[in-house]
Number of protein chains: 2
Amino acid sequence: MTENVTKNSRRASRGEAALSRDTIIDAAIALLDSSGESGLTFRALAAKLATGAGAIYWHVADKHALFMAASDVIMARAIGVSLPDATPRQNIQTLALAVFEAMDQHPWLGSALSQAPGQLPTVRLLERLGRQVAALGVPAGQQWVAACTLLNYLLGVGGQNAANASIARVQDLERMHFLETLSAAWSQLDAQEYPFTRSVAAKLREHDDRADFLAGIDLIVQGMLHNTGTR
Amino acid sequence: MTENVTKNSRRASRGEAALSRDTIIDAAIALLDSSGESGLTFRALAAKLATGAGAIYWHVADKHALFMAASDVIMARAIGVSLPDATPRQNIQTLALAVFEAMDQHPWLGSALSQAPGQLPTVRLLERLGRQVAALGVPAGQQWVAACTLLNYLLGVGGQNAANASIARVQDLERMHFLETLSAAWSQLDAQEYPFTRSVAAKLREHDDRADFLAGIDLIVQGMLHNTGTR
DNA sequence: ACCTGAACACCGTTCAAGT
DNA sequence: ACCTGAACACCGTTCAAGT
């Protein structure tokens, strides 16, 4: 554990930092942040770590495991927010917002979470949500559905967010310009077939992601309260 | 448009079906259904269509466009369900269930929808949901958030569904055995850190995807009704 | 106008060989 | 125990050349 002198002797003798699982994951996160999901490559990662592509396989099973490990680090950090002495309803908002911020700063996170149902990163989140759902007074028999609904909504938003970021990267558009274009396209849809979409096209251009996300969370919470006596 | 005699002369003279955009999309759907998202390959598709890999590019821009076109065909079919003379609340259930069934039969659909926010397949769905939200009596100012919440929840469920199917394919597990394993893993989580997750581990093993999905939809609808006078 | 198939520039992963 | 880097079996995409 601590005998780093014998470990990584090859690299150490060249005065380089030790190649460990954690170093690799940190580098992967940096790469994902700077180049997006498609930028995470064993060759690029090896270059960044000044090693060979194959060396990484000594510490990590495969690309999927690496991607999950990276997302777990970010998720653990995000849900580590201390929940102040507030109502369960407010705690859910705080929690959801923390995850939203994490997905906003690391757009690949949403994509990663969608790829590993029931695995550690998602379970961390489910646990935290579930506890607040219970604290809210939702009957035991309905807590599973309630917590899953919050989780799936969050994952849905995260996935869309990831895709938006990826499109913006490829097309090199600012968020503003991207929404303008999309909103314009919506406005030109057939009036008979798409009345609703046309009616909200303006909303799309000027909407606040964060505020709408939180409004969605609260909508679900209200649905939960409906089944509680605590309305 | 109709002069198929001159079109595709090469293939026609060999007695093969015409290579058109639609033929390609149909073949792509068949390939996706049988081999999953990772099975959709220009080489495999070309083999299936008895043509060269490059020929496909004459009819389709690139792989992403092909994937979207395939998902749009399925989505258009799914939301084509006729809504009987029922309440908006029931119509939303019918609609959501139709999409759920489509994502269940074509697990790659959930993944596709997550990759193209604001594009045709998602917009089709948003439109249908939005109209029912309006019919439900949700005030105009809140329809955008309400419809998006339903949509995002649906996309979240679809994404998880796609990932589950993909894992099941790789590991060649039956759904039952997969859930057993996951449920067992949840039961062995640390009692201090994961009380909620442990408490629902049994639920995970025996839960009914479809029923839970619909319960989530109804939870959100109840939240919407809360802001409506029509409670 | 439509199709062919070789070629290019990538991937993830493996593995003998080194230290 | 850990690292190296060539090699393998794939990808998506392009494009000269054909009909």
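Every number here is computed from the coordinates shown, using simple stated rules; none is lab data. Everything quoted here is computed from the prediction, not taken from an experiment. In this analysis, Cβ positions are derived from the backbone assuming ideal geometry, glycine residues included, and neighbour counts consider all displayed protein chains.
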Cβ-Cβ under 7 Å pairs, at least 6 apart or on other chains, the range A:39-55 side of a type in the set (D, E, K, R), far side away from DNA strand D (no atom under 12 Å from the Cβ): A:48/A:27; A:48/A:31
Where residue A:52 falls short, out of the listed (1) out of contact with any Lys or Arg (no Cβ under 9 Å at 6 or more places or on another chain); (2) within 12 Å of DNA strand C (Cβ to nearest atom); (3) under 25 Å from residue A:167 (Cβ atoms): (3)
Only listed residue being within 16 Å of DNA strand D (Cβ to nearest atom) and under 30 Å from residue B:167 (Cα atoms), chosen from A:78, A:61, A:96: A:61
Of residues in the range A:10-62 being among the acidic types (Asp, Glu) and within 22 Å of residue A:159 (Cα to Cα), the one surrounded by the most Cβ atoms within 10 Å (Cβ to Cβ): A:37
In the range A:176-198, the residues that are under 27 Å from the mean Cα position of the chain (by Cα) and aliphatic (A, V, I, L, M): A:176, A:179, A:182
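Does the range A:63-101 hold any residues that are part of a helix (DSSP H, G or I), without any contact (Cβ under 8 Å) to a residue 40 or more places away in the chain and either of a type in the set (Val, Ile, Thr) or surrounded by fewer than 20 Cβ atoms within 10 Å (Cβ to Cβ) (or both), and which are they?
Scanning the range A:63-101 gives A:63, A:65, A:77, A:90, A:94, A:98, A:101.
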Any pair with Cβ under 8 angstrom, 6 or more apart, that starts in the range B:174-191 at a residue that is of a type in the set (S, T, N, Q) and ends at one that is surrounded by 12 or more Cβ atoms within 10 Å (Cβ to Cβ) and not in a helix (DSSP H, G or I): B:181/B:173
Filtered residue count, the range A:113-153, keeping only those that are crowded, with 22+ Cβ neighbours inside 10 Å, in contact (Cβ under 8 Å) with a residue 60 or more places away in the chain and assigned to a helix (DSSP H, G or I): 5
Considering residues of the range A:174-200 that are in a loop (DSSP other than H, G, I, E, B) and surrounded by fewer than 16 Cβ atoms within 10 Å (Cβ to Cβ) only, the residue nearest to the other protein chains (Cβ to nearest Cβ): A:193
Residues that are among the polar types (S, T, N, Q) and at the interface with chain A (Cβ under 8 Å from one of its Cβ atoms), drawn from the range B:150-165: B:152, B:160, B:164
